[in-house]
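What follows is one structure encoded as C-alpha cells, with my remarks underneath.
The values are calculated or read from the model by the stated rules, or taken from the named source; none is laboratory data. Computed from a predicted model, the values in this text were never measured in an experiment. FYI the Cβ positions are ideal-geometry reconstructions off the backbone, even for glycines, and counts take in every protein chain you see. Surface areas here come from the heavy atoms of the whole protein model, side chains and all, with no ligands, DNA or RNA. Shrake-Rupley method; radii C 1.70, N 1.55, O 1.52, S 1.80 Å.
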Amino acid sequence: MNGGDEVVAAPGGPPQPLEWKFSQVFGERTAGEEVQEVDIISAIEFDKTGDHLATGDRGGRVVLFERTDTKDNGGTRRDLERMDYPISRHPEFRYKTEFQSHEPEFDYLKSLEIEEKINKIRWCQTANGALFLLSTNDKTIKFWKVQEKKVKKISEMNVDPSKAVGNGNLASSSNLGSSKMHLANGGCPDRSFSCLSNDISFPPGGIPSLRLPQVTSHETSLVARCRRVYAHAHDYHINSISNNSDGETFISADDLRINLWNLEISNQSFNIVDVKPANMEDLTEVITSAEFHPTHCNTLAYSSSKGSIRLIDLRQSALCDSHAKLFEEQEAPGARSFFTEIIASISDIKFGKDGRYILSRDYMTLKLWDINMDSGPVTTFQVHEYLRPKLCDLYENDSIFDKFECCLSGDGLRVATGSYSNLFRVFGCGTGSTEATTLEASKNPMRRQVPTPSRPSRSLSSSITRVVRRGAENPGVDANGNCFDFTTKLLHLAWHPTENSIACAAANSLYMYYA
C-alpha cells in the first residue's frame, strides 16, 4: 500500500499486514551527539486534514510542519487521476515555522516552579487561511493563530533621513525671489520646530512637489500570535485538552477536575467533573486522560489511574459526577500484587474516527473498547507482557510510571503505541487479524524485526511474530536477542487521519513512516 490507497483484503479475510518504510526525519542526531533536555519532543498532533503536523517540546516551543506532496501537483486525488499523475507517493512534510508557546514561570503563592514543557497540542478549525491551535503546559492553556503576513515596506519618501538634503534635488520655486525664504507649505525656515528631527533638513526653498509614500509588499512571513490565555483554573497539572466537535468549546483535565471552556472566553470556565473528595485521605484514583467524542458534542470520556474509563453525557447535569457508562476489566482472582494498580493506570485514551470505539493504553497493554459494550474490552493487545518479571526493577527506576500514548488509523483497522528502545508497535484490530509489527524509530524501521516476506500473503500472516510473545522467554531481550534500553522510550506518536502514515518522537527527533 502506498499513500492513501486502501488495503485490499482477501475475500472474507482480514487486511494483509502493512509493510512499513522510512519516510523522513527532522532533527536527526549525529552519532555521539548529546540531546538537550529542552529539545526533547513532548507532544505530536496531526490536524484533521493531515496537511499539517505540530510538535511541542520541553523547552515550550511549538514547531509546525506542512505537507508538500499534495501541493506540488495541486488538486484532489480525482484530479490527479484525470491528469494521469502517479499517486503512489507517500506523505512528505517540510518545516513551516516555530514559536515560543510557553515560558518557565514561578508560582509565588505555592513556591512552585511551573515548567514550560508542552503537555498537549490540539488543532482547531481553520479560518481565512489562518491556522489555529491550543497548546498547554502544566497550568496554562494558550490559543494561537498562525497566519502568513506580507512584509510591507514604505518607499518613495519625500524626505530621506540618510541624506543631508531631502531627496537631493534643489527646488526652483517662485518663493526664492522674496526677501524672506519660505518652505513650500508656508512655513518659515528660521522658526525652530521641535517636532522635526535634527538629522532631517529640507532643501532651500522647500520641496517643489509632495509625493505620497508608496507601500510595497515584498516577501511573506508566518506570524504566530497568542489570541487568548486560559489560566488560573487548575490546581493540579493539566494532562489533557480536547476540542469539541461544535467548534466552540474545549475541555481541560487535571488530576481531579475537568473544566469546560468557550474558545472566545478566557476568564471563565465551568467545572464539569470533580473527583476531589472532602478529605484528601479518601482519594483512591485520579483522572489521567480525557477526550471529547469526535461527533457527539455532549459526550466525553475520561480515564482513571484505576484502569477504568467513564463516558459522561453533558446533558444529564451541570456537574457530571455520575457517569453514563463505566468501562473496566475485572481482574483475575488471585492475580493481585503490589504493582496491580500501578500497571492498570491508563495513560492515554483515543476515540476512533467514528466514535464507536475507544482505545486505551495502560503500562502493559492496549485495549480496544466498544462504547456499546461495557462488559469488557473487545480486544487486548499485549505490549509489555515480557516486562512482567522485571516490574520490581522498573519500579525502582520509575520507568513503571512512564506514560505511553496510543493512536488509531483513520480507517480504524489498526492501532499503534510506543515502547522502550525507541520501538513502536502496530497491531491489526480488524476481525481475524493477527498483524503485530514491531518497528524502530530509525532510518531502518525493520532493523529489529523478525525477517518476514516482503509481500506476506494471508496464509503467511502468522509468520509476523509479536515481540512480546518471544520476550516472555527471555525477559528484557527482544526477538533478535538485543537488550532493551529503558532510557530510550517512544512515548509520543500520531497516525495520519486519512493515510497509513505514522509520526513518532524519539528524544529530539521526529521520524515519519508510511505503508
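For the stretch 353-363, filtering for residues that are of a type outside the set (Phe, Trp, Tyr) and buried (at least 21 other Cβ atoms within 10 Å of the Cβ) leaves 5. Filtering the stretch 110-139 to residues that are under 20 Å from residue 291 (Cβ atoms) and not charged (D, E, K, R) leaves 118, 119, 121, 123, 124, 125, 132, 133, 134, 135, 136, 137. If the condition is being open to solvent by 60 Å² or more (accessible area, probe 1.4 Å), over 27 Å from residue 70 (Cα atoms) and either part of a strand (DSSP E or B) or of a type outside the set (Asp, Glu) (or both), then the stretch 28-60 contributes 29, 30, 31, 32, 36, 38, 58.
If you go through the stretch 378-398 one residue at a time, do you hit one that is surrounded by fewer than 16 Cβ atoms within 10 Å (Cβ to Cβ), in contact with a Leu (Cβ under 6 Å, 6 or more places away or on another chain) and β-branched (Val, Ile, Thr)? Yes, some residue in the stretch 378-398 is surrounded by fewer than 16 Cβ atoms within 10 Å (Cβ to Cβ), in contact with a Leu (Cβ under 6 Å, 6 or more places away or on another chain) and β-branched (Val, Ile, Thr). Aromatic (Phe, Trp, Tyr), over 24 Å from residue 402 (Cβ atoms) and modelled with pLDDT of 90 or more: does that describe residue 270? Spelling it out, residue 270 is indeed aromatic (Phe, Trp, Tyr), over 24 Å from residue 402 (Cβ atoms) and modelled with pLDDT of 90 or more. Quick check on the stretch 115-165: of everything there that is among the β-branched types (Val, Ile, Thr), modelled with pLDDT under 90 and part of a strand (DSSP E or B), which residue is farthest from residue 209 (Cα to Cα)? It comes out as 151. Right, residue 402: over 22 Å from the mean Cα position of the chain (by Cα) and surrounded by fewer than 18 Cβ atoms within 10 Å (Cβ to Cβ) or not? Criteria not met by residue 402.
Collect the residues in the stretch 318-339 that are modelled with pLDDT of 90 or more and either crowded, with 16+ Cβ neighbours inside 10 Å or within 19 Å of residue 384 (Cα to Cα) (or both), keeping them in residue-number order. Within the stretch 318-339, 325, 327, 328, 339 qualify.
Taking the criterion of being open to solvent by 40 Å² or more (accessible area, probe 1.4 Å), more than 23 Å from residue 338 (Cβ to Cβ), free of Cβ contacts under 8 Å to residues at least 60 places away in the same chain and not hydrophobic (A, V, I, L, M, F, W, C), the residues of the stretch 270-309 that qualify are 271, 274, 276, 279, 296. With respect to residue 198, is the statement that it is in a loop (DSSP other than H, G, I, E, B), more than 25 Å from residue 265 (Cβ to Cβ), open to solvent by 40 Å² or more (accessible area, probe 1.4 Å) and modelled with pLDDT under 90 true? Yes; evaluated as a whole, the condition is true for this residue.
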